[in-house]
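The values are calculated or read from the model by the stated rules, or taken from the named source; none is laboratory data. In this text, all values refer to a predicted model and were calculated from it rather than measured experimentally. Virtual Cβ from ideal backbone geometry, glycine too; neighbours counted across all protein chains shown.
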Ligand SMILES: [Zn+2]
């Protein structure tokens, strides 16, 4: 087996693992959400199948498509949100993984029009960064995929109005953790709103966290789990 095949198997296993973690943490429900990874050095993308619960996927359920979403390999139908993933890979050569979820608290903010943009939590500032917002467009459409890709040029985390979240990463672990931390941050923000209003960090501190600590945070999180 060559190294490309080995890498593909590793990615398939990791997509199954990340999908299960999304389901186990309540970041997706039913067959909602989807996960993908680009096979390094290729135009090929591995995606989760349509209509199956993320908590119980098998390695053989993962589907391979090209960057236009055409089926290369797999017995099931690729997620109906495949264009959202492939359009992101077309505009972000540094991104090798995309996680789309419906985390209840982040999505609650996205459904109420209340902004998630409030620098209160250093982990979110360092690991997730600024959060882009995509207007409501019917799920699974090309139009949504194009709008998502436009915003993905500037952000590693997006909130889709009345829909959910998307996080990008240089690895599946990083893309997954960004979703997890984004949802944690949304919970913290919600609690701080309930307790009388969040007290944002100063602009200088935000800059400091983004600059100095970002790399340290990333290394700490990514190294221990890759
Ligand atoms: Zn969705």
- Note on the structure: Those residues of the stretch 107-129 which are within 15 Å of residue 163 (Cα to Cα) and buried (at least 24 other Cβ atoms within 10 Å of the Cβ) amount to 110
- State which residue is surrounded by the most Cβ atoms within 10 Å (Cβ to Cβ) when the search covers only the stretch 19-34 and only residues that are in contact (Cβ under 8 Å) with a residue 60 or more places away in the chain and part of a helix (DSSP H, G or I). 22
- Checking residue 113 against (1) at pLDDT 95 or above; (2) away from the ligand (no atom under 14 Å from the Cβ), which test does it fail? (1)
- Query: Of all residues in the stretch 150-171, which are closer than 15 Å to residue 88 by Cα, touching a residue at least 40 places away in the same chain (Cβ under 8 Å) and part of a strand (DSSP E or B)?
  - Reply: 159, 160, 165, 166, 167, 168, 169
- Kindly indicate the residue of the stretch 151-196 that is closer than 13 Å to residue 133 by Cα and out of contact with any helix residue (DSSP H, G or I) (no Cβ under 8 Å at 6 or more places or on another chain) and also farthest from the ligand (Cβ to nearest atom) among those meeting that condition. 154
- Task: Mind counting the residues in the stretch 136-149 that are free of Cβ contacts under 8 Å to residues at least 40 places away in the same chain and either in contact with a helix residue (DSSP H, G or I) (Cβ under 7 Å, 6 or more places away or on another chain) or away from the ligand (no atom under 15 Å from the Cβ) (or both)?
- Result: 2
- Note on the structure: Restricting attention to the stretch 1-16, the residues that are assigned to a helix (DSSP H, G or I) and surrounded by fewer than 16 Cβ atoms within 10 Å (Cβ to Cβ) number exactly 8
- Message: Looking only at the stretch 71-87, how many residues end up being surrounded by fewer than 16 Cβ atoms within 10 Å (Cβ to Cβ) and more than 20 Å from residue 9 (Cα to Cα)?
- Response: 1
- Message: I need the full set of residues from the stretch 54-87 which are closer than 16 Å to residue 166 by Cα, touching a strand residue (DSSP E or B) at 6+ places or on another chain (Cβ under 7 Å) and not in a helix (DSSP H, G or I), in order please.
- Response: 79, 81
- the stretch 88-106, subset assigned to a helix (DSSP H, G or I) and within 13 Å of the chain's Cα centre (by Cα), residue surrounded by the fewest Cβ atoms within 10 Å (Cβ to Cβ): 89
- Note on the structure: Within the stretch 22-52, residues being more than 16 Å from the ligand (Cβ to nearest atom) and either modelled with pLDDT under 95 or within 13 Å of the chain's Cα centre (by Cα) (or both) number 5
